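The values are calculated or read from the model by the stated rules, or taken from the named source; none is laboratory data. Computed from a predicted structure; not experimentally measured. Cβ placement follows ideal geometry from the backbone for every residue including glycine, while neighbour counts extend to all protein chains displayed. Accessible surface is based on the protein model in full, side chains and every heavy atom, while ligands, DNA and RNA are left aside. Shrake-Rupley method; radii C 1.70, N 1.55, O 1.52, S 1.80 Å.
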Amino acid sequence: MRKILTAAILTVSLAISLISCASRSSSTAQEKGTNDSTLIIYYSQTGATRQLAEQLKKELGADIVEIEPVEPYDSDYNATISRWIEEVENNKKVPIKSLDIDLDDYNKILLCFPVWGGTYALPVKTFLDENDLKGKTIVTFATFGSGGIATATNDLANAEPDAKVIKGYGVRNARMEKMPSELDRYLIENGYKEGVLEQLAAYEEPTICNEEAVELFNQATSGYRYPLGQPVTVAKRKTPNGTDYRFQVKTKGPDGEENEATVYVTVDDTEGAKPEFTEVLR
């Protein structure tokens with residue numbers, strides 16, 4: 001009888017030990033990023049991308065860290081362009097400060113950056129070169145003058161072939177006041193947070209642009225510093241707050257060769273609202 005009791009006690013003790021080990025292993029796994037742990041990493045030159053990253057933190061409650069160049073860029077647009085051209089032409093690496101964070105603790109990275117020359121800013125390139133992101137999920141979030149999140153995401157996927165790279169949300173610097181509501185919709189639509197949304201309608205079939213459509217396009221793009229092309233066709237859809245327009249335009253590249261692009265425009269239903277373009281896809 002004593003032998004039976006002893007064996008039973010040993011069996012129970014072993015089971016408790018195994019449960020305890022499994023619990024510790026699960027806890028360690030979560031600490032080391034094998035759960036759905038998320039980190040927001042951002043580089044911001046003018047402050048716009050910082051606003052986007054901080055809104056993400058507010059929405060999701062994720063950890064956040066900033067990429068900082070050792071030598072910050074000038075806040076002047078022309079000075080930044082000149083430095084960027086010189087660095088690109090000479091293949092210069094932009095040194096960045098240590099992030100002082102263990103990336104192994106996270107398996108999902110929300111990478112926020114300004115678009116420079118159709119791709120992510122150079123300090124982000126240094127971050128990618130200096131860190132191993134193999135096996136992680138990277139979601140792109142961008143601020144830009146006209147567009148470029150799609151091409152930047154493709155470049156990122158090529159730079160990180162062993163990571164899962166997903167195109168996220170982008171916003172023009174001129175439209176930062178609309179960012180919180182648009183980002184909230186994106187996060188709900190893509191399952192990053194809970195919420196209920198009214199489904200957006202599909203775009204109608206495109207039609208040849210008439211004078212009214214051309215005028216709307218010109219109003220939306222008149223404040224932009226570079227010509228965006230001649231609108232050819234337009235498709236539209238109603239939204240809960242207004243109307244979206246998708247223009248197909250003809251453009252000319254620096255070499256004079258004719259190209260096509262897509263320009264998205266939105267108009268709020270509020271009285272006196274002006275049309276504004278939201279993104280260019282080249």
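Within the range 161-188, how many residues turn out to be closer than 17 Å to Ile41 by Cα, surrounded by fewer than 18 Cβ atoms within 10 Å (Cβ to Cβ) and over 13 Å from the mean Cα position of the chain (by Cα)?
Number satisfying all stated conditions: 1.
Could you please let me know if Asn154 is in a helix (DSSP H, G or I), under 23 Å from Val115 (Cβ atoms) and free of Cβ contacts under 8 Å to residues at least 60 places away in the same chain? Steps first, answer last, please.
Values: in a helix (DSSP H, G or I): yes; under 23 Å from Val115 (Cβ atoms): yes; free of Cβ contacts under 8 Å to residues at least 60 places away in the same chain: yes.
Yes, satisfied.
Select from the range 224-261 the residues that are open to solvent by less than 30 Å² (accessible area, probe 1.4 Å) and either of a type in the set (Phe, Trp, Tyr) or touching a Gly at 6+ places or on another chain (Cβ under 9 Å) (or both) and list them in ascending order.
If the condition is that a residue be open to solvent by less than 30 Å² (accessible area, probe 1.4 Å) and either of a type in the set (Phe, Trp, Tyr) or touching a Gly at 6+ places or on another chain (Cβ under 9 Å) (or both), then Phe247, Val249, Ala261 are the ones that fit.
Confirm whether Glu198 is open to solvent by 60 Å² or more (accessible area, probe 1.4 Å), farther than 19 Å from Cys112 by Cα and over 16 Å from the mean Cα position of the chain (by Cα).
Details: open to solvent by 60 Å² or more (accessible area, probe 1.4 Å): yes; farther than 19 Å from Cys112 by Cα: yes; over 16 Å from the mean Cα position of the chain (by Cα): yes.
Yes; evaluated as a whole, the condition is true for this residue.
Name the strands (runs of 3 or more DSSP E) wholly inside the range 240-282 in which the number of residues that are under 19 Å from Tyr226 (Cα atoms) and of a type in the set (Lys, Arg) is 2 or more. Spell out the reasoning first.
Numbers: elements: 242-252, 258-268, 276-281.
In the range 240-282, 242-252 are the strands (runs of 3 or more DSSP E) which contain 2 or more residues that are under 19 Å from Tyr226 (Cα atoms) and of a type in the set (Lys, Arg).
At pLDDT 95 or above, in a helix (DSSP H, G or I), within 19 Å of Phe144 (Cα to Cα) and hydroxyl-bearing (Ser, Thr, Tyr): does that describe Thr80?
Values: at pLDDT 95 or above: no; in a helix (DSSP H, G or I): yes; within 19 Å of Phe144 (Cα to Cα): yes; hydroxyl-bearing (Ser, Thr, Tyr): yes.
Answer is no for this residue.
Just wondering, is there one or more residues in the range 131-140 that are surrounded by 14 or more Cβ atoms within 10 Å (Cβ to Cβ), within 19 Å of the chain's Cα centre (by Cα) and among the hydroxyl-bearing types (Ser, Thr, Tyr)?
The answer is yes, given that some residue of the range 131-140 is surrounded by 14 or more Cβ atoms within 10 Å (Cβ to Cβ), within 19 Å of the chain's Cα centre (by Cα) and among the hydroxyl-bearing types (Ser, Thr, Tyr).
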